[in-house]
Every structure is written in structure tokens, then in C-alpha cells.
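Here is the structure we will look at, set down as C-alpha cells.
The values are calculated or read from the model by the stated rules, or taken from the named source; none is laboratory data. Note that the structure is a prediction, hence the values are computed from the model and not measured. Don't worry about glycine lacking a Cβ; one is built from the backbone with ideal geometry, like all the others, and counts go over all protein chains shown. These accessible areas exclude ligands, DNA and RNA; they are computed on the full protein's heavy atoms, side chains included. Shrake-Rupley method; radii C 1.70, N 1.55, O 1.52, S 1.80 Å.
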Amino acid sequence: MGFQENEKKYKRMDSSDGAEEQIVLSNNEKLEESVIQSVSNDTRKYVIACAIFASLNSVLLGYDVGVMSGAIIFIQEDLKISQVQEEVLVGILSIISLLGSLAAGKTSDAVGRKWTIALAAVIFQSGGAIMALAPSFRVLMIGRLLAGVGIGFGVMIAPVYIVEISPTVDRGSLTSFPEIFVNLGILLGYISNYAFSGLPAHISWRIMLGVGILPSVFIGFALFVIPESPRWLVMQNRLEEARCVLLKTNVSEREAEERLAEIQAAAGIGNAERYEAKSVWREILNPTPAVRWMLITGCGIQCFQQITGIDATVYYSPTIFKDAGIKGNSQLLAATVGVGFTKTMFILIAIFLIDRVGRKPLLYVSTIGMTVSLLSLSISLTFLGNGQLGIILAFFSVCANVAFFSVGIGPVCWVLSSEIFPLRLRAQASALGAVGSRVSSGLVTMSFLTVSSAITVGGTFFVFSMISALSVVFVYTCVPETKGKSLEEIEMIFQSEGEWRGGEVEMGDAERLVQTQGCIDISDL
């Protein structure tokens, strides 16, 4: 009926039959495009919802990082712990999380990505409850160890799950979601510190830690919303279930069938090839040239993300600001809220850029910017003393450092380490990369106070700036561009390493990033 009305509307007495037919055909095409656009929007909303729910565990990690920076002040006062105990309490979570990351690879292959996300939440929340109720440092450490295992599960599985359900065009931005939620958690932790800092010392830190248990309620709801990874379902030879998930996460049935065929080929299902855990680890420990470069890229970017000192900056921001000259717990914690807000805002910018300008330009801008910011922080702490200028420069240097981190190496690290490995190796190799990240973070946070006492806080950040400069060289020589490529196409990049090493995206491409940043429409935000 609607088509007849449109035909009458546009029909003229002197029109030929061919012209009338062309008008009706044009109207039909517009209607078809409208339907396709509607389906595409619904599909994208569904995938985004899955990515959000899968990323909720990352809020727990971020909250723990943020809240511990302030809670440790009151834990020291209440439990009378030493500087060494403080370093161990803060850093042990990252070290012990490697156990969770290693176990998560095998667990996610055995029970699925979805239920590994649930297991991560349960373990972390158990540790969080023990910490909040701990009567002594020893019990507090037990809860901290348990929480660390849960974090190890969470940081490994969320990016893997998201990268396996995401369409190629949106994979970069969606896989950045866990890093966004880490930053949101850090900001919430800082706000919690400031909000409860006025309570008595023996109560404040317990409430600060206990509030972190609340996200578990939303994770419980998430299990009823998110589907299992289609790639994991194919690995289990549950092809019909995988097809159903792909139909929900792709625009058309044809596209879903094409993706299913690609996944089957990658998984070796067509030839009845199944990879046991031993053969996977054998391939990782005795890699081919292609797999070797995948491991260097994936594990290397994970390590550089941490050894440039981001966790030390976040965990010990009150210590940094105290060294710069800010006095009083309330003022120190208020300054950390500004840092957390900056970190969160710039991760949102990264979402809009990562699939537009690519991974490598973002990494260049990020690592170069961090190098300059860390050097500026070192200069302000070393030469400007406790004056007003030193405080202002130190504050803005810390904010700039976390901003450059969040716009590049923070989210891009997890995107790259999740998408560069082939399906048969993805879970275990990603777990290995997460182990590198957690160990690097633990070593930095557990040694920061000791090293700072030996060479000053300013000297420590000078070392971090030099390491950050090395990360620029690593990005240039070892990281390929993966924007717009399917997971199966990325695997082929590493098969022909000579085509990309050191030159697929040159330093000049960073100029396009600056131009793109300037052209972001405010409506996108």
C-alpha cells in the first residue's frame, strides 16, 4: 500500500512507464537500506552490551588500584605496618595475579569464556570481603592474594572474549572497553578515598575496600545477557550454537555464515584437527618464526605498558604529590581525583580513535607523550622543590602522563595482545602476555618506595622516562598495524614478517592522528 502511494505521489501525466518504474525501484531500495541500517544498529547495540558486561570485572581491578592508593594511608595508621609491608601489600596483587592469568587460559578453553568471567568475579569478591573484614595484616594479605588470583582471571579473559564476538570494523574500540572500565574503577576508587577519608582510621579503609564488592551484583546479571564466544563454540564443535551467536553479532545471515566458515578454517574443524593443551604450549615454547614475532609483540607491549611506571603513578600518587609539596590527606586525595578523572576522560577519546586512525599511530603519540611527561615530572620533583610552581608542574605532568597512557598504550596493548594470536593459541598466549603485564606491574609497585628512597622520587621517574623512550623504538620495530583486518588476516601478516617489520606505519602517520583528534565531533562524545 505504501509503495502505491509513493508511486502516485511522484507520478506525472507525461512520465514514461520506464521513469515510473525507476521511481518505484528507488523507493524500494531506500526502504531496503533503511531496514539494513536498523538491523545494523540493533546488532551493534547488542555487541556493545556484551562488551560492557564482559568488562565489569575490570571495574574491580581499577577500583582496587585506585582505592588502595588512599586506603594504604589509613592501613598504615591502623595496623602500624612498615614500608616493606606497604610495598608487599600493594605489589603482591599484581604478582599473584599471574597464577590467575595462567590458569585462565586453560580454564577458558575448558569451560568457556563466559563462565571464566563469572569465576573471576567470584574469586575476586571473596578476596575483597576478607580484606574488608581483616583484623590483622596477615589476614589482609590472605584476602589480597585471593583477590589477585581473581584479577588474573579477569584481565586475561575479558579482552579475549570481546575480540572473539566483535565485528572486524568495531573490534578495536570494543576491545578497549576493559581498559575503559579499569579507568572508571580507578576514578571510583579515588572518589571513595576522598569520600571516606574523614572517618576514623580503623573504619575508613575497611569501607573503602568493602565498597568494591558491589559490582558483583551487576556481573551476576551479565551472565544472563552475554552469549558464549562463537569461536570457543566452534572449537567445541558446537556449530549450531556458534551460528546462532554469529547471527546476533553480525548484520546479515550471509556475513554470519562467512565468519563461521573463516572460524572453522582457522580452528581446523573442517579437517577434524583438535589442539590439546600440551601441543599448544609446545608450539608456544618452540615457536615458528611467525609465532615468535607474535609472542615478542604481544608480550613485549604488555611489559612496556607496565615498566613505564603507570601503576606506580596510580598507586603512589599521594606519595608523589606529597613529595611535590602538597600537605594534608584531604588535599592529597583530592589531587588524585583529578588524576583519575583525566585518565578516564582520555580513555574515552581512545575509543573513537582506535578504529579510525589505527593502533600504531596511537602508540606513537602515547609513548612519545609519556616520555616527555615523565621527564617533566622528574624535573619538577628534582629541581623545583616544594614551591607553588613545582606543585603545579608535578600535578599537570602526572595528569599528562596518565592521559597519554590512556589514549594509546593502555587500551591498544590489550587490543593487540588479544587479536594477533591465532585461534588455537589465543587463550594460552594471551594468558602469557597478561602474566608479563602483572609481573612487571608487581615488580614496579613492590620496589617503588625502596628505589625512591635510594635515588629520590624524581630520579625514579627519570628512569621511567628512559624506559618509555625505549618503548617508542619497540613500537617502531615490532608492532604491525592491525586496523580493519580480520583475526585470520592478522595471522597472515605475521607469516610474512618482512613486509611489516619496522615500516608498515611510519612516524609521520602520527600527524593524521593529531588532525583526526582536532576533527572529532563533540556529538560523538
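Ordered by 1.4 Å accessible area with all protein chains kept, VAL122, VAL182, VAL160 run largest first as VAL122, VAL182, VAL160.
Taking only protein heavy atoms and a 1.4 Å probe, the accessible area of the range 173-256 is 70% carbon and sulfur. Taking all Cα pairs closer than 8 Å and separated by 6 or more residues, the relative contact order of the range 38-190 comes to 42 percent.
Solvent-accessible area assigned to carbon and sulfur over the range 54-97 amounts to 59 percent, based on a 1.4 Å probe. Rolled with a 1.4 Å probe across the full set of protein chains, the surface gives GLU240 an accessible area near 120 Å². Spin-label pair PHE383-SER330: with each label point 7 Å from Cα along the Cα-Cβ axis, the two points sit 3.6 nm from one another. Put LYS483, LYS248, LYS45 in order of accessible area, highest first, and with a 1.4 Å probe you get LYS45, LYS248, LYS483.
Quick one: net charge around THR319, please, counting Lys, Arg +1 and Asp, Glu -1 for every other residue with C-beta under 14 Å from its C-beta.
It works out to a net charge of -2.
Once both labels are positioned 7 Å from their Cα atoms along Cα-to-Cβ, the gap between GLU77 and ARG238 label points is 5.1 nm. Taking the 1.4 Å solvent-accessible surface of the range 352-509 as the whole, the part contributed by carbon and sulfur is 70%.
Given the pairs LYS114/LYS248; LYS106/LYS485; LYS106/LYS343; LYS114/LYS360; LYS248/LYS360; LYS343/LYS485, which are separated by over 22 angstrom at their Cα positions? Correct reply: LYS106/LYS485; LYS106/LYS343; LYS114/LYS360; LYS248/LYS360; LYS343/LYS485. Working from label points 7 Å from Cα in the Cα-to-Cβ sense, the ILE48 to ASN286 distance is 4.8 nm.
Assuming R0 = 35 Å, what is the FRET efficiency of SER447 and LEU223, from their Cβ-Cβ distance, to the nearest 0.05?
Efficiency, from the Cβ-Cβ distance: 0.35.
Surface exposure of the range 31-157, expressed per residue as accessible area with a 1.4 Å probe, stands at 37 Å².
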